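Following: one structure in structure tokens, then a few remarks.
The values are calculated or read from the model by the stated rules, or taken from the named source; none is laboratory data. Values in this document were obtained by computation on a predicted structure and should not be read as measured data. Positions of Cβ are generated from backbone atoms using ideal geometry, with glycine treated the same way; all protein chains shown enter the neighbour counts.
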Amino acid sequence: NAGVTQTPKFQVLKTGQSMTLQCAQDMNHEYMSWYRQDPGMGLRLIHYSVGAGITDQGEVPNGYNVSRSTTEDFPLRLLSAAPSQTSVYFCASSPRDRGTETQYFGPGTRLLVL
Amino acid sequence: AQSVTQLDSQVPVFEEAPVELRCNYSSSVSVYLFWYVQYPNQGLQLLLKYLSGSTLVKGINGFEAEFNKSQTSFHLRKPSVHISDTAEYFCAVSEAGGGNQFYFGTGTSLTVIP
């Protein structure tokens, strides 16, 4: 199993540009989520999905869109990039939508918005 | 919402010395507790978790943590650290019955000095 994969690893954007961060998992996990990691702030939940066709907002959803058309894929879209979205983005998955579950994280995407 | 506090942002320790990384949470309801480790330029991976039962939990790489309900704490310990333990450590909490909503601390950077 490849686990959770994310592309790209690094990205530089100009303010106002849009892009999609890709996330895929091959473990047949129901639950997938996106976090951003900023210095001194830990990880904050952006959006999550409890299954194909079902998504919901997390703590910091503004400026981001998600969709879940398949169990495997959960892309994160930046609609109009802003410098405040400079961050490291992690995708995670877990077998079910339960608070007892271990989260499996991807390697991250480092995004710089100029 | 939950609040997870990791009081020590940086902890330097000499090789083979013991270490304790502190974690406190705010919830008055039943919780599940996790410690994750992040090695440089990698995603997070699970060290250990407390779901129920014995308050002393053993994890990978010789780490252990103790759940203290009265002090709402879940401190991580290792009796003798190695250079390879140099990493960022995150405490995370989810609430029983709260689905897969995790709250992360701001992280503790452990540096092991030769």
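Would you pick out the residues in the stretch A:55-90 that are within 12 Å of chain B (Cβ to nearest Cβ) and part of a strand (DSSP E or B)?
First, pick out the residues of the stretch A:55-90 that are within 12 Å of chain B (Cβ to nearest Cβ): A:56-59, A:88-90.
Across the stretch A:55-90, the qualifying residues are A:ASP56, A:GLN57, A:VAL88, A:TYR89, A:PHE90.
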Is at least one residue of the stretch A:67-84 at positive phi and either among the acidic types (Asp, Glu) or surrounded by 18 or more Cβ atoms within 10 Å (Cβ to Cβ) (or both)? no
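Return yes or no: is B:SER80 more than 14 Å from every other protein chain (Cβ to nearest Cβ) and either modelled with pLDDT of 90 or more or assigned to a loop (DSSP other than H, G, I, E, B) (or both)? First the steps, then the outcome.
Details: more than 14 Å from every other protein chain (Cβ to nearest Cβ): yes; either modelled with pLDDT of 90 or more or assigned to a loop (DSSP other than H, G, I, E, B) (or both): yes.
Judged against the criteria, B:SER80 is a match.
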Conditions (1) assigned to a loop (DSSP other than H, G, I, E, B); (2) more than 14 Å from chain A (Cβ to nearest Cβ); (3) under 29 Å from A:CYS91 (Cα atoms): number failed by B:SER52: (2)
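Just the residues that are out of contact with any Leu (no Cβ under 7 Å at 6 or more places or on another chain) and either at pLDDT 90 or above or more than 13 Å from chain A (Cβ to nearest Cβ) (or both), please, taken from the stretch B:32-46. Working first, answer last.
Start the filter on the stretch B:32-46 by keeping residues that are out of contact with any Leu (no Cβ under 7 Å at 6 or more places or on another chain), which leaves B:33, B:39-46.
Those that are out of contact with any Leu (no Cβ under 7 Å at 6 or more places or on another chain) and either at pLDDT 90 or above or more than 13 Å from chain A (Cβ to nearest Cβ) (or both): B:LEU33, B:TYR39, B:LEU44, B:GLN45, B:LEU46.
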